[in-house]
Amino acid sequence: MAARMDLDGRLIKPMTICMIGAGGFIGSHLCEKLMAETPHKVLALDVYNDKIKHLLEPDSLPWAGRIEFHRINIKHDSRLEGLIKMADLTINLAAICTPADYNTRPLDTIYSNFIDALPVVKYCSENNKRLIHFSTCEVYGKTIGSFLPKDSPLRKDPAYYVLKEDTSPCIFGSIEKQRWSYACAKQLIERLIYAEGVENGLDFTIVRPFNWIGPRMDFIPGIDGPSEGVPRVLACFSNNLLRREPLKLVDGGQSQRTFVYIKDAIEAVLLMIENPDRANGHIFNVGNPNNEVTVRQLAEMMTQVYTKVSGEPMLQSPSIDVSSKEFYGEGYDDSDKRIPDMTIINKQLGWNPKTSLWDLLESTLTYQHRTYAEAIKKSMAKPTAF
Ligand code: NAD
Ligand code: UDP
């Protein structure tokens, strides 16, 4: 492997990374990248390892010995501090982070995103270890513009909707809207990490992902996850397309999102890992402001892309409307629009996303079709038990 240089032309020394939540969607892509392109070692912590099995076995893999899986629930495992001490850097990805859980399991959501992250921050601070913590774009909540009258021309002014790390406020709904339990817990852990940096000198970086999507995201209900489970939108729509059901548009599908390809986003994380002087003390938006769509437009584009990659004809009615109460239950609320300001990540790390929404959906839905179409056919052919 050729020697790796940082953005300032210095040689990068191989490091040991304690990655918590390494078995999830983002963790699996980060592990893959670190194994294929760097000499770094990963202590991979998670309760599951299905998404990184291909990196752990067999022993003949070129990176064998550089990745070690530790089946650990960070809620209660005394090995956590020892593993953080063994590493140069800790990356915390562990979280409950699917919106269907925020209003239906608010206690688990708050414990997972705040209480369970506390010891990780404490051990890093006490042992002078660097921490990269995964927060969320959801800490911004709603845009200022969403409170303006519908026909206000100010709604078109970026000052009222672009989300900027160091100036935008965090705007959540009322306490009954339990949707915000996640955002609020993430905001508080961000504030705690920031304070540890200011008061105790913790070297930290906070990442705010804006809808990263790609292969291995979440699960397909009834195939590799619970039949009644509700994953994030990419997996919900993939599941509908695979089963030839109409895609469900929550409250008219009017909310807007910007989607970034997981492989682009992982490049940004690698830059943070390997350029501590440029990343420490910063909060970074990581998203693709050029890939904005309403959820309705996303459904239309996914339907077209899936028709192309699967060769199956489109349904006559490709989508249906459902209310949020029906889909998510009481206490759901939504972020209206999420455009990341890219100034800070651009200046510090020179990172820019590359992949268009069409292209990232094409590779992702090709993966979904290849991975799940047969299993879905088999499961749908099974007679239902009465
Ligand atoms: P994910 O659910 O696929 O991964 C999270 C992983 O953490 C899972 O493998 C889970 O088993 C593990 N985990 C949870 N609790 C744990 C515990 N107590 N002990 C050990 N492991 C535990 O989610 P993801 O999309 O990979 O997200 C990773 C992080 O990024 C999360 O903190 C999430 O809030 C944040 N994030 C992601 C996105 C996105 O677009 N994917 C958006 C905003 C924020
Ligand atoms: N959504 C939808 N149909 C679905 C799943 C999600 O209309 O089957 C909507 C959801 O209400 C939200 C958007 O899609 O407006 C994105 O949802 P996701 O679960 O990916 O997470 P979020 O971006 O809200 O964190």
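The values are calculated or read from the model by the stated rules, or taken from the named source; none is laboratory data. Remember, predicted model here, so these are calculated numbers, not experimental data. Cβ sites come from the backbone with ideal geometry, for glycine too, and all protein chains shown count toward neighbours. Side chains included, ligands, DNA and RNA excluded: accessible areas come from the protein's heavy atoms. Shrake-Rupley method; radii C 1.70, N 1.55, O 1.52, S 1.80 Å.
Taken over region 263-290, the residue count meeting the criterion of being within 16 Å of ligand 2 (Cβ to nearest atom) and either buried (at least 23 other Cβ atoms within 10 Å of the Cβ) or farther than 21 Å from K347 by Cα (or both) is 5. Number of residues in region 32-52 that are touching a Gly at 6+ places or on another chain (Cβ under 9 Å) and within 16 Å of ligand 1 (Cβ to nearest atom) equals 9.
Taking I345 as meeting all but one of (1) closer than 27 Å to K150 by Cβ; (2) touching a His at 6+ places or on another chain (Cβ under 9 Å); (3) hydrophobic (A, V, I, L, M, F, W, C), write down the number of the exception. Failing condition for I345: (1).
The criterion of at least 3 residues that are open to solvent by less than 80 Å² (accessible area, probe 1.4 Å) and within 30 Å of D8 (Cβ to Cβ) is met by the following helices (runs of 4 or more DSSP H) wholly inside region 313-386: 343-349. Is it the case that L93 is farther than 21 Å from D277 by Cα, among the hydrophobic types (A, V, I, L, M, F, W, C), crowded, with 20+ Cβ neighbours inside 10 Å and within 16 Å of ligand 2 (Cβ to nearest atom)? When the stated conditions are applied, L93 passes them. All of (1) open to solvent by 20 Å² or more (accessible area, probe 1.4 Å); (2) touching a Leu at 6+ places or on another chain (Cβ under 7 Å) hold for P62 with one exception: (2).
Of the residues making up region 231-259, those that are among the hydrophobic types (A, V, I, L, M, F, W, C), near ligand 2 (Cβ under 8 Å from one of its atoms) and open to solvent by less than 40 Å² (accessible area, probe 1.4 Å) number 6.
Within region 169-193, the set of residues being over 12 Å from V139 (Cβ atoms) and open to solvent by 40 Å² or more (accessible area, probe 1.4 Å) comprises S174, I175, E176, K177, Q178, L192.
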